[in-house]
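Every read-out reported here was derived from the displayed coordinates using simple, explicitly stated rules and does not represent laboratory data. What you are looking at is a predicted structure, and each value in this text was computed from that prediction instead of being measured. With ideal geometry, Cβ positions are generated from the backbone for all residues, glycine too; neighbour counts draw on all protein chains shown.
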Amino acid sequence: MDTTQIITAFLSVGLIGAILGAVLAYASKVFHVEVDPKVEKIAEILPQANCGACGYPGCSGYADAVVTKGTDITLCSPGGQDVIDQIASIMGVEATAGKAMVAYCACNGTKENAKDRFEYYGPEKCSSAVFVSGGHKACDYGCLGFGECVEACTFGAMYMDEKTGLPVVIDEKCVGCGACVRACPKDVMKLMPKDSKVYIACNSKAKGKEVSDSCKVGCIGCKICTLPNTTPSGAVKMEGDLPVINYELPDDLVAAKYKCPKSCFIDKGDAEKSAEEIAKEKADWKAADAEKTAAAKKAALEKAEAAKAAKEAGM
Amino acid sequence: MDKMLIVSANPHIRSKASVTKIMHMVNLSLLPALFMSYYYFGFRAIFLTLVSVVSAVVTEAAIQKFRKVPVTVSDGSAILTGILLAFNVPAYIPWWIVMLGSFFAIAIAKQAFGGLGFNIFNPALIGRAFMLASWPVEMTSNKFWANPVASFGAKTGQTMDAISSATPLNLVKTALKADPTQITCDILSKANDAGYAGATYWDLFVGNVSGCIGETSFLALLIGVIFLMILGLVNWRVPFFYIGGVFVFTWLLGYDPVFHILAGGLALGAFYMATDMVTSPISNKGNIIFAIGLAFFTVAIRIWGGYPEGVSYSILLMNCAVPLINKFTVPKKFGCVKPVKAN
Amino acid sequence: MDFSHLVVIAVSSIFINNFVLGRFLGICPFIGVSKKIDSALGMGMAVIFVMTLASVVTYLIQTFVLVRFELQYLQTIAFILVIASLVQFIEMFMKKNMPALYQSLGVFLPLITTNCAVLGVAILNIDATWADGSHYNFIESTWNGFTAGIGFTIALLLMAGIRERLELADIPESMKGTPITFISASLIAMAFLGFSGMSIM
Amino acid sequence: MNKLQNFTKGFFKENPVLVLALGLCPSLAVTTSIENGLGMGMASTAVLVGSSTLVSMLKKYIPGSIRIPIFIVIIATFVTLIDLTLQAFIPSLSESLGLFIPLIVVNCIILGRAEAFASKKSVLDSIIDAIGMGIGFTIALVLISAVREFAGTGALYGYPLFQLMGIEGFKGSILMILPPGGFLTMGLILGFMQWNKVRKAKNTGGK
Amino acid sequence: MKYTFKGGYHPPDGKEFSEKKSIEKMPLPKTVAIHLHQHIGAPSKAIVAIGDEVKVGQPLSEAGGFVSIPVHASISGKVKAIAKITDAGGNKSDAVIIESDEKDEMFEGVGIKVDYDNFTADEIKKKIAACGIAGMGGARFPTHVKLSPPADKKIDYIILNGVECEPYLTADDRLMQESPETIIEGLKLMMKTVNASNGIIGIEKNKPDSIKIMTDKTSSIDNIKVIDLEVKYPQGGEKQLIYAAIKKEVPSGGLPMDVGVVVSNVGTANAVYEAVALNKPFYERVVSVTGESIKDPKNVLARIGTPSSELIEFAGGLKEDIYKVVNGGPMMGAAMYEMEAPVHKGTSGILCLSKENAKVFTELACISCGKCVSVCPLKLLPTDIQLNIQHGKYEESEKLGLLDCMLCGTCAYVCPSKRNLVHWFNVGKAKIAEMKRKA
């Protein structure tokens, strides 16, 4: 290979490059169009492979879609997690720092506990089932058990318990996004703080008689849980015929849990304990409570007697 | 009431039609053709059909078991795929090829897409295309093509070499390549000279020619499809426009249209494959476009293509286009007229 | 100028050796931009446009620069440079002067820079020979670029139609998304095998 | 991320073909036999390593606005080098890979790594990343071509296994080495990987 | 000339159970539950209190807006409660519960003949509204609203719907045979109200007796004609009936008045006559109690609010094989799980079906046979719409015309895959409505 050839090669490629470069540089000035700076920033971050894996026309197309149409930011597979994080920081869509929440199922109407009012036939989806006479469960507020919430969960944090026919939330995986809450046509799924343990597993706003007709474990609105000696902090309040826990107020709710005649208060801690342990705890608590009540009664009695005595004395 | 009532959305009564019934009726309507294949090609035809059906059914059941979805082999659709696939192979092809073809048809073309109703392509034809591309020698060479045995007595003791023959279309193709100016009628007589004795239109019509085991008898397939039409299970537009289209195109190009209609797999394709409900368009207009496309590609492949027969490929090609056809032939809604101005 | 050559080129590029289904060129956009019929159509049009233009430009570069200075070994570099710049230039030009066209067609342009079908057609134009050993002339090259683009568009549209329908199917969990797309592509390619060995001469 | 992870991530976790779905054209077109797949993988790896190194070295001097054309020129240069080398030393491979050697230029993997990694990280990291990704690409190609060669011809790397085992009469399916076979193999491999993923997710999830 | 529309299907009609049975009067029920919301539009507001004594025909509520009508006491007695009671659709809503005093005393003025010849259109409409007349074909749209088209819409035709294309039901058939005069008078009144020049009575050919009687009775009237329609479901759909009668398509999303037509049920015409001429509010209607699982199928004149179970008892009770009880016809009626659900203004039948006829099926995948497309009276693509809804693509389904769908159920009837098309359409319609509310 002689030098002239090298020089020709060098020159021609250089010349082509230079001409094209100059034209492009000029064109970028002449044909400049204003775009959202966010789009440009995201386009900068994207790998510029223009592979089309995201389904959009090239990296800038995807950047545009993210900014203007709010497309999912996780579609860039060549970029990987780095890119997703960076886009997230530009778009400011990171999970807002608040109190960590988890979802729970506010219904304990298992196949055993809750009655059906008819046999339902149709698409096996909750949102479909509510269209024929409001669902097959005798309770108008209970879980229908087709698991649309489980389908809605994108984090794999829920599954259907085949035995009970109710959804179960895996607390460690749940991020509290509320997708299941929105998916449930009966508003059975609700959110509670991650660090709290006790929740109310009933959603029925119906009157006591109706509830006990349709479900073994439905809240009958007896209001025991709201009494001051059950929850002195006042953390449980009645809203209509259903008690609601105010998680802001400190209370272990143990008394409510044991006093509820329908066992509507569910303690997540119990899941890890054996049946004997739970029974023992309950017995212990009952004994302690009985003692306490007895003492209180005694005190009240004494007080009454003292009052009586004082009264008598005053007479 | 002690008994719980049933509640579901309206309507509360349903017609007696069912997918299972439809499929079994179609299977039933294929019996004449199966009988003719037995008559012409001997027990081997029945054997291959059985291999194909069993393979299809077992594959479907196994995959559904694996997917943990209800096993629906009893709906007869796998049986239908098996029969149609077997009808598309020459009589002396090794049986394991048919088995693999049937497996491929069900596994890839049907179950991978979610099973009956979701397949884009006709499974039996995908099976055939798979076999044809994979083992072209076995599928097309003269060695495996059988002349019709034509009598019950002769069905045993035949050896492969003694009965091998090329299909009429194959002969025509070979002859055409040698001398492209010939038109088909002449070639047919030439083909007769080349050991394809005495094939008349009548032979082609009843199926007394060599070919794939189920495709040769136009008559038997016609009986079957008329049965289906009486039951209202087949849309007459597809076969009519398909065959009509082939007639027109071949006639325009200067070939023998009657020969092209009677020969090859056109009857099987037009009556059974192209009318497959799942893989054909929904609307009537769509079906007509579909059928004309089929005719065009069939004739194009037969005349210019590398394969002697274009029916199966043209159906697969038009299968690809069905979603597009459906998209652009949405029927006009009732009431989508210009609003009548009140005076 | 032989008219039958043009027919042969068209049939070959569209059906027999379809760029996507027969030659494996432009698979990335074929898989990426085939989710919706609308965007598939836009992409297809853009590809037709760029392929035709790239065929023209690369043919000129090849004849008047590379062959003249005996620099054929620089083909790859020169072609990709020219194509990349061309696409970028058109994109900018369209964005400014034809915003409507840009919205429907231009947005797909960046995706085409790295579409191997474009570079592929440019190289094929140079490499391809007729039976008598002669190469494609200018018009044949341009026509080949145009019809190859049409072939690409047809494949893309068929795929998009099928994928829109598959959206409504109960595809097995493990097949959903890319796997079933490839299998569909495989079956379409199988149907296109029907054209193999086709000769219209 | 340490250097070892950086090196091995491309093998399976972020395999460019099987996970990221990049560089599909060569993975389907040339994988008719293991020999071709291996050759293509190595050629691409060489280009990837060369261009990544150069890009990483020059990253400070490349103006941001015209970086893409410059990357392309760099890549194209290496591709031309490889092309000429193959033509000179392994003409048979060059022949069978044909058009797809120059088309390495537009392989999304190479440009993608140049832009996403090499233009930001140090030279050493870039080389490690490039080699890792290249090996991942080669693994994918060899895997696909092994499946296709075996199913298509009954042979592996040219050794006719069936005949060696004494099984006659069974022939491979030629379809597998035709274009549909390429798509099919890719679809089935991806499907298998997805199935595995779903299965794993189910096992770790649930209870 | 054949009077019919394109599409549709004729399911076995099962009318033989009750078509020969003349209308019988029900004995008075002990208690009735009268829902305040028995029509399309705003619910009515109760004007009685617990403990009030009410008489037959006494208004229990007042209209809650223009598109609203009052309800009236159907028996005399005492208001026992105003509570949420399960209605025929299975939902709980407010109802006035009246305990009978078994005297059946009329409210003052009710049932007394008035001379209505000189009534103006507005007076007639007011009367109709006050008497709580709603469409008796099942849709229950307040009749006075139908008869009040905007000033720019000229109404040329009143079409009376005597088609009764729903299988099993025979209430309209019997009514036409037993009181044709009142129906015709009612039609005349309606024509007068909207100043329509023509009246058409459409009857399906499978009711030859009704056709004969109505033809005879109208032979002397120039501008009223009776037409015999092909037997095909849903011939009684408003738009289909109009197309069959005058070959005009009601525009998509439009109303019959857009083509200058008002369609009304024959029962409604009868009720209009009774309201205007006899000052009789809507407190009773003809109900077919039929089906193969009822011992003695009947057509009965029942008071609104009577529990369905009493109607069933009156018709001899249920057979052992009872599987499904439907309020309305088998194609569009609502299945009930509780037989106490009261008769409402749209209850044209109480249908008791056996398992053999009302069998439920597992849904299979659509095989694109196109049956649903060919029978759809609105020429929609039921299968595509349904698949789009199932996969959450509600916008797509709307584009395909989901909102035009009238849920007639013909598609689901013929579907060989037994897909629950109508059920999905309900889901889709609700989702679209929800999306529109949010937007």
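On the basis of the beta-carbon distance and an R0 of 51 Å, E:Glu102 and E:His10 show a calculated FRET efficiency of 0.65.
Averaging Cα coordinates gives a centre for region E:46-60 and one for region D:149-165; these two points are 92 Å apart. When the C-alpha to C-alpha distance is required to be over 24 Å, the pairs from A:Lys209/E:Lys84; C:Lys95/E:Lys399; E:Lys55/E:Lys84; E:Lys92/E:Lys345; B:Lys285/E:Lys393; E:Lys127/E:Lys345 that qualify are C:Lys95/E:Lys399; B:Lys285/E:Lys393. The Kirkwood radius of chain D, taken over pairs of alpha-carbon atoms, gives through the Stokes-Einstein law at 20 °C and 1.002 mPa s a diffusion coefficient of 118 µm² s⁻¹.
Scaling the Cα radius of gyration of chain C by the globular reference 2.2 N^0.38 Å produces a ratio of 1.08. GNM remark for chain D: springs join alpha carbons under 10 Å apart, and the peak mean-square fluctuation among D:Gly154, D:Gly134, D:Gly39 falls on D:Gly154.
With the simple model of a label 7 Å out from the Cα in the direction of the Cβ, A:Thr8 to A:Glu276 spans 9.6 nm.
Counting DSSP beta bridges with both partners in chain E, what percentage is antiparallel, nearest 5? Roughly 60 percent of the beta bridges in chain E run antiparallel, per DSSP.
For E:Lys2 and E:Lys154, a Förster radius of 30 Å and the Cβ-Cβ distance give a FRET efficiency of 0.60, rounded to the nearest 0.05.
In terms of surrounding Cβ atoms within a 10 Å radius of their Cβ, C:Thr181, D:Thr153 rank from fewest to most as D:Thr153, C:Thr181. Multiplying the residue separation of C:Glu173 and C:Asp127 by 0.36 nm and subtracting their alpha-carbon distance yields 12.1 nm.
Above 24 Å, the calculated P(r) of region B:1-98 contains 41 percent of its Cα-Cα pairs. Distance from the C-alpha centroid of region A:212-287 to that of region B:1-60: 58 Å, rounded to the whole angstrom. Stretched out straight at 0.36 nm per residue, the stretch from E:Lys20 to E:Asp222 would grow longer than its current Cα-Cα span by 69.7 nm. Per-residue extension of 0.36 nm, minus the Cα-Cα distance of B:Lys21 and B:Arg67, leaves a gain of 14.1 nm for this segment.
The spread of Cα positions in region A:143-229, taken along each principal axis and listed from longest to shortest, comes to 38, 29, 23 Å.
The alpha carbons of the protein assembly as shown give a radius of gyration and a Dmax of 38.8, 142 Å, in that order.
Decide, for region A:98-253, between rounded, prolate and oblate: order the square roots of the alpha carbon gyration tensor eigenvalues as a ≥ b ≥ c, take rounded if a/c falls under 1.5, and otherwise choose prolate if a/b is larger than b/c, else oblate. The shape class here is oblate.
Using only the Cα atoms of chain A, each taken as one equal point scatterer with no solvent, compute I(q) by the Debye sum, divide by I(0), and report log10 of the ratio at q = 0.10, 0.13 Å⁻¹. For chain A, the Cα-only Debye profile gives -0.78, -1.05. Our note on the geometry: Cα centres of region B:79-110 and region C:114-177, 31 Å apart. Going by alpha carbons, how many degrees (0 to 90, nearest 10) lie between the helix axis of C:37-61 and the longest principal axis of chain C? So the helix axis and the longest Cα principal axis differ by about 10 degrees. Here each label is just a point 7 Å from Cα along the line to Cβ, and for A:Leu249 and A:Glu40 those points are 5.7 nm apart.
Between rounded, prolate and oblate, where does chain E land on the alpha carbon gyration tensor, with a ≥ b ≥ c its root eigenvalues, rounded for a/c under 1.5, else prolate if a/b exceeds b/c? Judged from the Cα gyration tensor, chain E comes out rounded (a/c under 1.5). Sorting the segments B:200-209, B:123-132 by their mean number of nearby beta carbons within 10 angstrom, highest to lowest, gives B:123-132, B:200-209. Counting Cβ atoms of other protein chains within 10 Å of each Cβ in E:252-260 and taking the mean gives 3. The aspartates and glutamates whose alpha-carbon is closer than 17 Å to the alpha-carbon of A:Lys311, local same-chain residues fewer than 8 away aside, are A:Glu302.
Taking every C-alpha pair closer than 8 Å and separated by at least 6 residues, the mean separation divided by the residue count of region D:3-149 gives a relative contact order of 50 percent. For peptide E:406-412, the mean count of partner chain Cβ atoms within 10 Å of a residue's Cβ comes to 3. Taking a point 7 Å out from the Cα of A:Lys197 in the direction of its Cβ, the residues of region A:234-262 whose backbone N falls within less than 14 Å of it are A:251-258. Extending 7 Å from Cα along the Cβ direction at C:Val7 and again at E:Ile47 yields two label points whose distance is 8.7 nm. Shielding by partners for peptide A:157-168, expressed as the average number of C-beta atoms from other protein chains within 10 Å of each residue's C-beta, is 1. Here the average projected area of the convex hull drawn through the C-alpha atoms of region E:185-289 stands at 7.9 nm². Shown is the FRET efficiency for B:Lys285 and C:Leu60, computed with R0 = 51 Å from the Cβ-Cβ distance and rounded to the nearest 0.05: 0.65. Under the membrane-span-like helix rule (DSSP H runs whose alpha carbons stretch at least 18 Å along the helix axis, mean Kyte-Doolittle hydropathy 1.0 or higher), chain A yields A:3-30.
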